[in-house]
Amino acid sequence: MSSTSQKHRNFVMEPMGDKPVTELAGIGEVLGGRLSESGFDCAYVVLGQFLVLKKDEDMFKDWLKDLIGANSKQQNDCYQCLKEWCDQFL
């Protein structure tokens, strides 16, 4: 079993709805603010980008790094969170 944060577990347990980006694992207030400024104000908008990138781990992590300066742990936490949500709901 992989170790996931409470934030991660909470996120993947229910439909996404209009959750703010800061509900995504790995995305705190600072990175959430950067995402919002770039037009990614809700978790489902980030999910859209995740799907546009065909759930590709490297491309998604590079996108987070390039767009908002996410470090490798933040990139991984966010990727895993969205991947698990997709596995459960899509």
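The values are calculated or read from the model by the stated rules, or taken from the named source; none is laboratory data. Just so you know, these numbers come straight off a predicted model, no measurement behind them. Every residue, glycine as well, gets a Cβ built from its backbone with ideal geometry; the counts of neighbours run over all protein chains shown.
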Cβ pairs under 8 Å, 6+ apart, first in the stretch 35-63 and at negative phi and free of Cβ contacts under 8 Å to residues at least 60 places away in the same chain, second assigned to a helix (DSSP H, G or I) and of a type in the set (Gly, Ala, Ser): LYS61/SER72
Helices (runs of 4 or more DSSP H) wholly inside the chain containing at least 3 residues that are of a type in the set (D, E, K, R), at pLDDT 95 or above and surrounded by 13 or more Cβ atoms within 10 Å (Cβ to Cβ): 57-68, 72-89
Residue list for the stretch 1-57, filter: aromatic (Phe, Trp, Tyr) and in contact with a helix residue (DSSP H, G or I) (Cβ under 7 Å, 6 or more places away or on another chain): PHE11, PHE40, PHE50
Any hit, the stretch 72-85, residues being acidic (Asp, Glu), within 18 Å of LEU31 (Cβ to Cβ) and under 9 Å from the mean Cα position of the chain (by Cα): yes
